[in-house]
Amino acid sequence: ETGVTQSPTHLIKTRGQQVTLRCSSQSGHNTVSWYQQALGQGPQFIFQYYREEENGRGNFPPRFSGLQFPNYSSELNVNALELDDSALYLCASSSYRDPAHEQFFGPGTRLTVL
Amino acid sequence: GQQVMQIPQYQHVQEGEDFTTYCNSSTTLSNIQWYKQRPGGHPVFLIQLVKSGEVKKQKRLTFQFGEAKKNSSLHITATQTTDVGTYFCAASNTGKLIFGQGTTLQVKP
């Protein structure tokens, strides 16, 4: 196990609702990245947080937003949910000091939008 | 933006056969990482390749980075049922990963 935890494990929402997903990074890691993985696809980079600031963003609309807290844990917020937002949301923590930038993934949150 | 293509999408092998997945990019990569995701699980880091022509081995797994740093491969010798899962290559850019579509390996005992 990586030490990265995510909550909740599963979530069912309806279109138009808002959702908040949470991630606790591995001890000693100051960087958190969020990915969306649709069924049968590779993870897609949403954004990354480093020292509480957004540090890069993928091709996702502004209704996907995030936060990082002083203890390096993070939240992913999605507003105005759409059916296509149904996916596994993965959080990964890493250390900027690690030259390999190895990413340690959490177990993910499975979001279903009805 | 940067894209990474991976083939094949699926591979079914008999236990004991070899397996290879290929990863290609149209642009030069600074480095490439490989991850394995078991069914119902999350991606787990396997290795990072950085140097042109680099070859690294982990037991039955051999990873290669092309001379032009535009392609990479993962080869598994004598597959076992524990090798089942989806193997992803990912281009790493200051910690942000661009994943390929993955190759799902099924192993028949």
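Worth pointing out:
- Volume per residue that the Cα convex hull of region A:46-106 spans, once the total is divided by residue count, Å³: 96
- Simple point charges give the picture: +1 on the Cβ of Lys and Arg, -1 on the Cβ of Asp and Glu, and for chain A a dipole about the Cα centre of about 200 debye.
- For region B:1-64 and region A:57-110, distance of Cα centres in Å: 23
- Both the radius of gyration and Dmax for chain B are 13.2, 41 Å, in that order, over alpha-carbon atoms.
- Rg followed by Dmax, in Å, when chain A is reduced to its Cα trace: 13.3, 42
- Positive-end ranking of A:Pro43, A:Asn55, A:His29 along the dipole of chain A, with charges on Cβ about the Cα centre, is headed by A:Pro43.
- For chain A: relative contact order, % (alpha-carbon pairs under 8 angstrom, 6 or more apart): 37
- Shape summary: the protein assembly as shown maps onto an equivalent ellipsoid whose semi-axes, from the alpha-carbon gyration tensor, are 29, 20, 16 Å in decreasing order.
- Per-residue 3J(HN,Hα) values for region B:56-71, derived from phi via the Karplus relation 6.51 cos²θ - 1.76 cosθ + 1.60 with θ = phi - 60°, read 10, 10, 10, 6, 8, 9, 10, 10, 10, 10, x, 4, 8, 6, 10, 8 Hz in sequence order (x marks Gly and Pro).
- As a length-normalised measure over Cα pairs under 8 Å and 6 or more apart, the relative contact order of region A:1-53 settles at 28 percent.
- Averaged over the residues of B:38-44, the number of partner chain Cβ atoms lying within 10 Å of the residue Cβ comes to 5.
FYI, it's all coordinate maths here, none of it is from the lab. From a predicted model like this one, the values you see are computed outputs, not experimental measurements. FYI the Cβ positions are ideal-geometry reconstructions off the backbone, even for glycines, and counts take in every protein chain you see.
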